[in-house]
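Asks: Got a structure here, written out as C-alpha cells. Questions coming.
Just so it is clear, none of the values below were taken in a lab; they were calculated from the coordinates. As the structure is a prediction and not an experimental result, all values here were calculated from the model. Neighbour counts run over all protein chains shown; Cβ positions are idealised from the backbone, glycine included.
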C-alpha cells in the first residue's frame, strides 16, 4: 500500500479542519456514549451531569497534559529555548503519557470535588480510554506520522514523504492492540465487578506491554533517537513507570 491519504478533512478557504481533530471528536463522543451506558447500568456511582463534568475535565487534561508532556518528554531543549512553542498546537506534538498524567489530575480534582473514591472513577474511565487510543492512532496513520521500520511483510506501507520503502504500519498495530484488544479485555473479558484499583492496574500493565512491544517496530523520533543500548526508545522508558505503577495498584487491589 502507498500512503496517499489527505490529512485534511475539509477546507474552508485558508481554514482547514484535519482528520486528526475529527478523530478526537469521535473519541469523546464515543466515550461519552459508552460511559452513559455504564451509568445506566449503575456500574459507577455518578449521574449523567457528573459524567459530563468529568469528561470536560478529562478533555482539558488530555489537551494540556498531552501538549506539555510532549514538550517535556520529546522536545525539552527546544522548548526551554522557545517556551512560547508550547502553545503552538497547530504544529502538532502530543504525548500519550503526558495526556495520561493530565487525566489522572483531572480525576483527582473531580473526586475531591465530589467526595468520591479515586479508584471508583479511575476504574471506570480506563474502560473508555482505549476508544481514544484507537482513534488517535488512526489519526496518526492518516497524517502519515509515527511510521515503522522498513519491512518486507505483505502489509507494509510506503510513506512517500519519507522514502519508497515499505514500512511497518505501527500506527495500525497500536490502534489494534491499545485500542481494540485493550477495549475488549477491559469491557468484555472482565465482566464481573473487580476490587478497587484492579481494573486501573490491568489498564496500566497491558497498555505498557503493548506499547513497549510495538516500539521495537517503530522508528524513534529523529531528534531523540535511541536512548540506551541502541534499542530503548523514549516511549519504552515512559512505559516502565506505568507498568510498575500498575503492579503496585494490582497488589493493593488484591490485598483488599
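Asks: Remind me, relative contact order of the chain in percent, using alpha carbon pairs under 8 angstrom and six or more residues apart? Present the calculation step by step, with values, prior to reporting the outcome.
Replies: Numbers: 350 pairs, mean separation 48.5, N = 256.
RCO, the chain: 19 percent.
Asks: Using 0.36 nm per residue of separation minus the Cα-Cα distance, give me the extension gain between residue 153 and residue 29 in nm, one decimal.
Replies: On the way: separation 124, 0.36 × 124 = 44.64 nm, distance 3.53 nm.
Length gained, residue 153 through residue 29: 41.1 nm.
Asks: Need the C-alpha centroid separation for the stretch 47-71 versus the stretch 186-256, integer Å.
Replies: Rounded to whole Å, the Cα centres lie 21 Å apart.
Asks: Please identify, among 188, 210, 59, the residue showing maximal mean-square fluctuation in a Gaussian network model of the chain using a 10 angstrom Cα cutoff.
Replies: Largest GNM mean-square fluctuation: 188.
Asks: Which one, 191, 170, 71, has the greatest fluctuation when you compute a Gaussian network model over the chain with C-alpha springs under 10 angstrom?
Replies: With Cα springs under 10 Å in the chain, the top fluctuation among 191, 170, 71 is at 191.
Asks: Below 8 Å, C-alpha to C-alpha, sequence gap of six or more: please give me the relative contact order for the stretch 173-233 in percent.
Replies: Relative contact order of the stretch 173-233: 35 percent.
Asks: Give me the angle, in degrees from 0 to 90, between the Cα long axis of helix 129-143 and the longest principal axis of the Cα atoms of the chain, rounded to the nearest 10.
Replies: Tilt of helix 129-143: around 10 degrees.
Asks: If I take R0 = 22 Å and measure r between the Cβ atoms of residue 6 and residue 216 in this structure, what FRET efficiency does the formula 1/(1 + (r/R0)^6) give, to the nearest 0.05?
Replies: Efficiency, rounded to the nearest 0.05: 0.15.
Asks: What does DSSP give for the chain in terms of the percent of beta bridges that are antiparallel, rounded to the nearest 5?
Replies: Values: 9 of 10 bridges.
For the chain, the DSSP antiparallel bridge percentage is about 90.
Asks: In what sequence, highest mean first, do 35-45, 4-14 appear when ranked by Cβ atoms within 10 angstrom? The partial results should precede the final answer.
Replies: Details: 35-45: 13.6, 4-14: 9.7.
Answer by packing, highest mean first, reads 35-45, 4-14.
Asks: May I pose another question? As a footprinting exposure proxy, order 62, 153 by other Cβ within 10 Å, with the fewest listed first.
Replies: Details: 62 25, 153 10.
Fewest-to-most ranking of 62, 153: 153, 62.
Asks: Give the value in nm², to one decimal: projected area of the alpha carbon convex hull of the chain, averaged over all directions.
Replies: Working: hull surface 62.9 nm².
So the Cα hull casts an average projection of 15.7 nm².
Asks: Against the longest principal axis of the chain, how steep is helix 234-254, in degrees 0 to 90 to the nearest 10, with axes from Cα atoms?
Replies: The two axes meet at around 20 degrees.
Asks: Residues of the stretch 199-215 with the amide nitrogen closer than 15 Å to a label point 7 Å from the Cα of residue 254, along Cα-to-Cβ, please.
Replies: What the label zone holds, given the 15 Å backbone N cut-off, is 199-203, 205-206.
Asks: Ok, one more. Helix 96-114 sits at what angle to the longest principal axis of the chain, using alpha carbons and giving 0 to 90 degrees rounded to 10?
Replies: Helix 96-114 and the main axis of the chain meet at about 20 degrees.
Asks: Using only helices, what value at 222 nm comes out for the chain when you add -39,500 (n - 2.57) per DSSP H run of length 4 or more and divide by the total residues, to the nearest 500 deg cm²/dmol? Mind dumping the intermediate values first?
Replies: On the way: 9 runs with 139 residues, N = 256.
That calculation yields -18000 deg cm²/dmol at 222 nm.
Asks: Which of 212, 141, 15 moves most in a GNM of the chain, Cα contacts under 10 Å?
Replies: Most flexible of the set in this elastic network: 15.
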